[in-house]
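Okay, structure first, notes after.
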Amino acid sequence: MGEPEQSKSAGRTPVENLREEETPAAATEGSPVAIAGIGASAGGLVALEAFFAHVPRTTGIAYVVVTHQAPDQPSSLPEILQRSTTLPVVKIEDDMRAKPDTVYIIPPNVDLFILHGTFTLIEQALHQGLRLPIDTFFRQLAEDQEERAVGIVLSGMGSDGSLGVRALKEHMGMVMVQEPGTAKFGAMPQSVLATGLVDYSAPVEELPNLLIDYVQHQARVPREPRPHTGQMENSLTKIFALIRTHTGQDFTFYKRNTIVRRIDRRMGLHQIARIEDYILYLRENPDEVKTLARELRIGVTQFFRDPDAWQVLQETVFPDLISSRSHGETLRVWIVGCSTGEEAYSMAIALHETLDALQRHGDLRIQIFATELDADAVETARLGRYPANISADVSPERLERFFVSEGDSYRVRPEIRETVVFAVQNVISDPPFTRLDVLSCRNLLIYLSPEIQRRLIPLFHYALNPEGILFLGAAETIGEHSDLFSAVDTKNKIFVARGDGSTTIQQIGLPGSWSLPETTGRARSLQPQTAIPVGTLTQQELLKYYAPPAVVITENGDILYVYGRTGKYLEMPTGKADLNIFTMVREEFRYQIATAIQAAIHKKTDVTGSEITIRDGGARKVTVTVRPVRRPPATGDLLMVTFEESEEEQSGPPRAEVSGTNLEDAAWKELEQELAQCREQHNNTMEAMQASQEEMKSMYEELQSTNEEIQSTNEELTTSKEELQSLNEELITVNAELQTKIIQLTQTTDDMATLLRSTEIGMVFLDTELRVRRFTEPATRIVNLIPSDVGRPVTDLGTNVQDGNSIFREARQVLDTLAIREKQVQITNGDWYLMRILPYRTSDNRIDGVAITFVDITRIKRLEQSLQESTAYAESIISTIREALIVLDADLKVVSANRSFYEMFQTTPGETEGRKLYALGNKQWDIPKLRHLLEEILPRETQFEGLILDHTFPGIGRRTMRLNARQLRAPAASGEMILLAIEDATTVPMQEPPNTRDGTAGRPE
C-alpha cells in the first residue's frame, strides 16, 4: 500500500503534494477560487518564466497575464511560457470563461474586460494615447471578482498598474509585487509600492507560495458576514482603542460589516484564524496597527470619477451657480474625504473650465477646502504630482492646459494648486466649514454607520448656503432628509439645498457631541439584566388595576406621557398629528379641562371639576382632576390630568317608554349643570383675564422692546458663534497650509542662496521706482551697497564704475522699453564685468522692476588684451620681412599679405584680400604647376620648399621666384590655412632642377 502512494508523489515538490491535498472544493467545480491578474512590461518575460516555474500543478487559481505588446506584431508569449510550466497556456478569445489552473495571455492591440468570470476583448482605439492595459484589467477584475481578485505586478518600465491596485484594494482584493531590487526593470514595481497598498513584496520565485497560502486561507473563511455578537463588539472596541492610541484616529462610527471584512482580510494575510489572536498580534506589532488603519480608511479616488456626473455639473449645475454670483464674490467649495487630492483638483479644473466658458474668469474667486483624515494622503495631495498614467482619466487637452509634464509624472499647474487648501480633518468630530456653495462628499458615507449618515446630511445642509450644491457618490443618498434637499440629478446624486428647510447647529449638535452607534439587538440581549425589586413590581401591578387613566402634559397642553386607557376621553384628530390635550379631548370635557388647567397653573394646587355625564355604550359620570407635578427648579412644571368615572346604571322602563315629564326634567337638570359649569368657567376666565391685563399693562411696553432686543441679540450671537466656529476651522486649515508653504519657501530660499553664492555673480534687483529690493554680496564690489540700503533709490548710491550714472540711465531705459541690454564695464581697480540689465518678470508675466547682473570677465579681458598684443607683435614682424608673404584659406582665397607682396607685384589689399589666388591680376597666378602643388601635393605632404617658378607677370615682366608653402594651424571656425612665401630670384642664377624643362617649375626640394 505504501509503494503506490510513493510513486504517486514521485517527482513532485513538497509544495505540489501539499497543494493537491488541500485543493479547494471550488477548483473542482469548474470555477477558480481566485483570479490573479499578472502585469509585466520590459524584462517581464524572465520574471514570468520564473513565476510559473514555481507554480504547482493544482492550485484552483486562474492566471491572467497582461503585458505591453506591439499592436501590429503577433505574440509568441503563449509558446514561450508553455516551456516553463505544466499548466495549460492559452491565448484569450472573446467570450472565453476563466477556468482554474490555466494561464491566460492577453492578445495584442486589445483591452481586456471581465464580466462574471467571462473575458471580453475590445479593440483599442487608434488614437488612444498612453495605453495602460494593466490598469484597465485590474479595475475590471476588482469590480467583477471583489475579494477574490489578486493583482501581481512584475518587472517593467513606467507606472502602469499603480491606479489599478487602488481599485483592487477598494473591493477587498490583494496586491503583490516583485521586489524592485530583483527585477530587471524596477520602475513599475516601485511605482506600485509607492501607493502604500501592497500586501506582499518578495522575489518573484517566492510570490507563488505566498499567493497560494493566501488564497487557500481565504477559501476557508465563510463568505457570510460574521454574526455581530457582544463578544465581537468587545473585540472591535479593543482594536479601535489600539488604532486610536497609535494613530489618533477613531473608527467607532464606521460600518461594522465593512470593518469586519477588512479585518478578516488582514487576518488572512497573516494566516491568523481567531480575532483574539489578531488583537495580540496588533499589540506586538505597531506597524500592523498603522497598516490596518490605512486599509480601513482606503481612499479610492481618481480624476473625474463618474464622468457623466461631472458633465452634468459643468453643463447644468455650475453655470446656474456662477450666474447667480456677483463680480468679486468667492465660490466656496468643501471636498470631504479628498484622499490624495484627485477629487479636489478635478473640482478646481471643472470650475475653471466653466468660468472660461461663461467668460467669467477673473470675475469670481475659487476657494476649495479639501480635508482628509489621513495625514500622508494630505501630504501627497499638497505636492500635486501624479504618475503619467492619469492620462487614462484626464483628457490630453486638460493635461496640456492644467498640468506640467515632469518626466514620468504630471504636476498640477500653480493656477489650480493655489485654489485648493488641504488639511487634516475628521468630519465626524471636527467643526464643519460653512457658507459653502458646493459640498462634495463621495464614497465616504457608504463606510459610515446609518446613524452617522443621518446626522451628517443635516450637517451638510447647515454648512451650505441656500441653493448650495451637494455632490454625493454613486452609492450614497440623502436618505430621509428630502425636506432639506431637492434632487437636481438623481442618477448622478446631485442635490440642491432647500432654503425653507434650514438647519441650525443647535438642532444637529456639534459633531464632537455625537453619541456612539447603538449596539445590535443581539448584543443588547447579551447584556446583563438588572433585577427589579419586588416592591417596584407591586407598585406597577397596583397602578395597572386601581389607578385611573391619566395624561401628563406641559403648561401648553402638549401630552408627554399617557397612562391607562384614555381612548374614551381623548380622540386623535384628523389631519396632521397633534399630541395636544386641547385638540384631542372630547367635546364634553373641553371647556372644563381648559378651565381646570388654568386654575391649577394659577393657584398651584389640585383642581377637580364637577361630574360630567357621557353616553358611550352606557351612561357614565366622569370627574376630571388636574394636579401640578413638581419638578426640579428651572425645569418648568408639568400637569397630570386624571379621569375617574363611575358607571350610572339604567333601571326601569326603556328610555323610549319614559314619560315626557321625566325626560323634560332630566333635560332641564343637564342644562342647569352645563350652565353652572359655563358660569364657573366664565368667572374663572374673567378673573384670569383681569389679572393678566393688570400684569400685561405694566409689562407690555417693556417686554415688547426687550423682546425685540433680545431676539436681535440672540440671532446675532448665534450667527457670530457659527461664523467663529467656521472661521476658526478655516484659520486652522490655512495655518497648516501656510506652515507647509513656509517650509517649502525656506528650502527654496536656501537653495537659491547656495546657488547664488556658488556662481559669484553680482545681482541687484530694483523695483519699478528703481529702489533697491535685494542684492547679492558680489554686487557690492561694483555698487556701494550695505544691508540698510534696501528700499533706497539706487540713484542715491555711488558706484565704482567709470560713468556709473550710465548704469541707472540704462536701467530706466530697460524698464521703459523691456529690451535687454548688455555692456562691459570697468571698475576703478581695473577689473572688468559684463553688465546685463533685463526686466524683472513675475510668475503671472507682470513687469515688477529690473534685474542687473555683473559677471566677472577680468580674466577674459586680460586674455583678449594679450591676444591683441600678440597679434600686433606678429604683424609687425611680418611687415618687416622683405620676403613676400601671402596667407590663403582652404578655398585658396587670400586672407592677408604683407607689404613686400604688394610692392613686388604692384597691387593693393583691396584688389587682393578676399579673392581667389588664381583670379589675382587678371588670372596671372593661374599656373598649372602651382595649382597642382597647392591642391594635390600640399594637402598630402603639408609643406614644400624651394619651388622655382619662372613666369611672366603683366606689368612687372618676367620673374624667377622661389616658393615655399606650409599648412597653418588655425582656429577651428576658420579651417586649414596656407602660408605661401615668395622670394624674387630673378637676378640670382639658378640651376634648373633635373626633372624640369623649358623654364617650368620643378619638384619641390
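Taken together, the values in this text are just the output of simple stated rules run on the coordinates, not laboratory data. Everything quoted here is computed from the prediction, not taken from an experiment. Methodologically, a virtual Cβ is constructed for each residue, glycine included, from the backbone with ideal geometry; neighbour enumeration extends over all protein chains shown.
Taking only alpha carbon atoms, the range 546-649 gives an Rg to Rh ratio of 0.97, where Rh is the Kirkwood radius.
Computed over the range 285-412, the range of Cα coordinates on each principal axis works out to 56, 30, 25 Å, biggest value leading. Exposure proxy for 630, 262: other Cβ atoms within 10 Å of each Cβ, ordered fewest to most, give 630, 262.
For the range 14-220, the convex hull spanned by the alpha carbon atoms encloses 105 Å³ per residue. The phi torsions of the range 428-440, fed into the Karplus equation with coefficients 6.51, -1.76 and 1.60 and a -60° offset, translate into couplings of 7, 10, 9, x, x, 6, 10, 6, 9, 9, 9, 10, 10 Hz, rounded to whole numbers, with Gly and Pro shown as x.
In the range 806-887, the ratio of gyration radius to Kirkwood radius, Rg to Rh, stands at 1.29 when only Cα atoms are counted.
Only lysines eight or more places from residue 669 in sequence, or on another chain, were considered; those with a Cα closer than 25 Å are 568, 621. Restricting the calculation to Cα atoms, the range 227-311 yields a radius of gyration followed by a Dmax of 15.0, 50 Å. As a proxy for reagent exposure, 338, 678 were ordered by neighbouring Cβ count within 10 angstrom, fewest first; the result is 678, 338. The shape of the range 760-861 comes out prolate: with a ≥ b ≥ c from the C-alpha gyration tensor, a/c is at least 1.5 and a/b beats b/c. How many angstrom lie between the C-alpha centres of the range 256-271 and the range 785-831? Value for the Cα centre distance between the two parts: 71 Å. Karplus-based coupling profile of the range 572-580, in residue order and whole Hz: 6, x, 6, x, 5, 5, 9, 8, 10, with θ = phi - 60° in 6.51 cos²θ - 1.76 cosθ + 1.60 and x standing for Gly or Pro.
Within the straight-line cut-off of under 20 Å between alpha carbons, the aspartates and glutamates reachable from residue 697 are 687, 708, 709, sequence neighbours fewer than 8 places apart in one chain being disregarded. With a ≥ b ≥ c the root eigenvalues of the C-alpha gyration tensor of the range 49-168, is it rounded (a/c under 1.5), prolate (a/b larger than b/c) or oblate? Cα axes put the range 49-168 in the rounded bin. Computed log10 I(q)/I(0) for the range 307-513 at 0.13, 0.14, 0.17 Å⁻¹: -0.72, -0.84, -1.23, from the Debye equation with unit scatterers placed on every C-alpha and solvent omitted. The phi torsions of the range 205-211, fed into the Karplus equation with coefficients 6.51, -1.76 and 1.60 and a -60° offset, translate into couplings of 5, 8, 5, x, 5, 4, 4 Hz, rounded to whole numbers, with Gly and Pro shown as x.
Would you mind checking which residues have amide H under 5 Å from residue 185's amide H? H placed 1.01 Å from N; only 5 or more apart, or other chain. The list, which skips near neighbours in sequence, is 156.
For the range 685-747, the convex hull drawn through the C-alpha positions has a volume of 78 cubic angstrom per residue. Our compactness index for the range 195-345, the C-alpha radius of gyration over the empirical 2.2 N^0.38 Å, is 1.42.
By the Stokes-Einstein formula, at 0.890 mPa s and 25 °C, the range 385-502 with its Kirkwood radius over alpha-carbon pairs has D equal to 150 µm²/s.
Give 893/923; 169/491; 823/861 a once-over and call out the pairs whose C-alpha atoms are over 18 Å from each other. Beyond 18 Å: 169/491. The distance separating the Cα centre of the range 158-220 from that of the range 87-104 comes to 22 Å.
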